[in-house]
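Remarks on the structure that follows.
The values are calculated or read from the model by the stated rules, or taken from the named source; none is laboratory data. All values derive from a computational prediction rather than experimental measurement. Because the Cβ atoms are built from the backbone with ideal geometry, glycine has one as well, and the counts that use them run over all protein chains shown. What goes into the accessible areas is simple: the full protein's heavy atoms, side chains included, and nothing from ligands, DNA or RNA. Shrake-Rupley method; radii C 1.70, N 1.55, O 1.52, S 1.80 Å.
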Amino acid sequence: MRTKVIAGNWKMNTNPEDATELVKKIVSSASVQLAPSLVRVVVCPPYLSLANALIAAGGTSVSIGAQNCHHEEKGAYTGEVSPVVLAGMGLGYVIVGHSERRRYQLESNEIIGRKAARAHECGLTPIICVGETLDEREDDITTDVIGTQIRLITASAGEDVVKASVIAYEPVWAIGTGRAATPLQAQDAHAFIRSELHIFGAQDVSILYGGSVTDENASLLFSCPDIDGALVGGASLNADSFCSIVGVANEAAR
Ligand code: 13P
């Protein structure tokens, strides 16, 4: 059975004290405490808030993830963060290939694949992001774009790494816009991604939807057969909203 996952991507928000507060609220919520048998809950604070988040989540079922890592373990890479250090701190996950990093840091699919491979080697579960821009959707090349992203990342990371990862489908036009994909649009993309993964036996990988997920639209999204959870941005910064989304996922997983 595929694992259900609700992950919060806090992006460049929260200082260490905020992170302690937010994680404390999340771990004490009834829906999160109910989740472990049904849904895996992950929160991904900024690097400098990771230590506080780990302490606040200590001894609970909530996992902590990073939002990025370097593709090497160590070396002359000024300002970068090693996945081996992240794993050593006690993190379980790392997001790679978020569209904001593709856009602002010009990350290629090849580099994203190398990040996923190194993260996996260090014991982290990569959350690999894919998704099309609005122009690409309007040009009717959504599946070409996502298919190419998956093929290039798989070629770079290796099939076994992708099999051990989580995929997040995040249409760029839905991120931070309040305009989530419709359940039908999301389901179509997820079914396509699953068919691409099926080619090399990775069809049981969890595929999360990301882009303006709220506690209001989560229920319809999670009722789709190929949607295994969500990568939540804005709504993950509010403990009540995030925990409600976990609650909706618990219901859908029953
Ligand atoms: P929003 O939920 O704010 O649209 O962000 C989605 C996202 O980018 C998660 O990685």
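Overview of results
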{"item": "Yes/no for A7 being among the aliphatic types (A, V, I, L, M), part of a helix (DSSP H, G or I) and either open to solvent by less than 70 Å² (accessible area, probe 1.4 Å) or modelled with pLDDT under 95 (or both)", "result": "no"}
{"item": "Conditions (1) within 18 Å of I128 (Cα to Cα); (2) without any contact (Cβ under 8 Å) to a residue 24 or more places away in the chain; (3) of a type in the set (D, E): number failed by D228", "result": "(2)"}
{"item": "Subset of segment 83-104 [under 16 Å from V41 (Cβ atoms) and assigned to a loop (DSSP other than H, G, I, E, B)]", "result": "G90, L91, G92"}
{"item": "Scope segment 183-201; condition within 15 Å of the ligand (Cβ to nearest atom) and not hydrophobic (A, V, I, L, M, F, W, C); matching residues", "result": "Q185"}
{"item": "Selection from segment 207-221 of residues that are within 15 Å of the ligand (Cβ to nearest atom), in contact (Cβ under 8 Å) with a residue 12 or more places away in the chain and closer than 16 Å to A252 by Cβ", "result": "I207, L208, Y209, V213, T214, D215, N217, A218, L221"}
{"item": "Conditions (1) open to solvent by less than 10 Å² (accessible area, probe 1.4 Å); (2) within 15 Å of V246 (Cα to Cα); (3) modelled with pLDDT of 95 or more; number of the one not met by R40", "result": "(1)"}
{"item": "Residue match in segment 28-44 (condition: out of contact with any Lys or Arg (no Cβ under 6 Å at 6 or more places or on another chain), closer than 20 Å to F222 by Cα and in a loop (DSSP other than H, G, I, E, B))", "result": "yes"}
{"item": "Count of segment 147-172 residues which are away from the ligand (no atom under 16 Å from the Cβ), within 16 Å of D188 (Cα to Cα) and of a type in the set (A, V, I, L, M, F, W, C)", "result": "1"}
{"item": "In segment 62-110, residue least open to solvent (accessible area, probe 1.4 Å) [restricted to those that are among the acidic types (D, E) and farther than 25 Å from V5 by Cβ]", "result": "E72"}
{"item": "Unmet requirement for L197, which otherwise passes all of (1) under 15 Å from the mean Cα position of the chain (by Cα); (2) more than 21 Å from V232 (Cα to Cα)", "result": "(1)"}
{"item": "Odd one out for D204 among (1) in contact (Cβ under 8 Å) with a residue 40 or more places away in the chain; (2) among the charged types (D, E, K, R); (3) within 16 Å of the ligand (Cβ to nearest atom)", "result": "(3)"}
{"item": "Contacts under 7 angstrom Cβ, first residue in segment 178-194 being free of Cβ contacts under 8 Å to residues at least 12 places away in the same chain, partner surrounded by fewer than 23 Cβ atoms within 10 Å (Cβ to Cβ), 6 or more apart", "result": "none"}
{"item": "Test: residue in segment 47-59 that is in a loop (DSSP other than H, G, I, E, B), more than 16 Å from the ligand (Cβ to nearest atom), open to solvent by 40 Å² or more (accessible area, probe 1.4 Å) and of a type outside the set (A, V, I, L, M, F, W, C)", "result": "yes"}
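To keep it simple, each residue is scored yes or no on (1) on the phi < 0 side of the Ramachandran plot; (2) under 18 Å from the mean Cα position of the chain (by Cα); (3) at pLDDT 95 or above.
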position	(1), (2), (3)
D215	yes, yes, yes
S219	yes, no, yes
S223	yes, no, yes
G229	no, yes, yes
V232	yes, yes, yes
A235	yes, yes, yes
D240	yes, no, yes
I245	yes, yes, yes
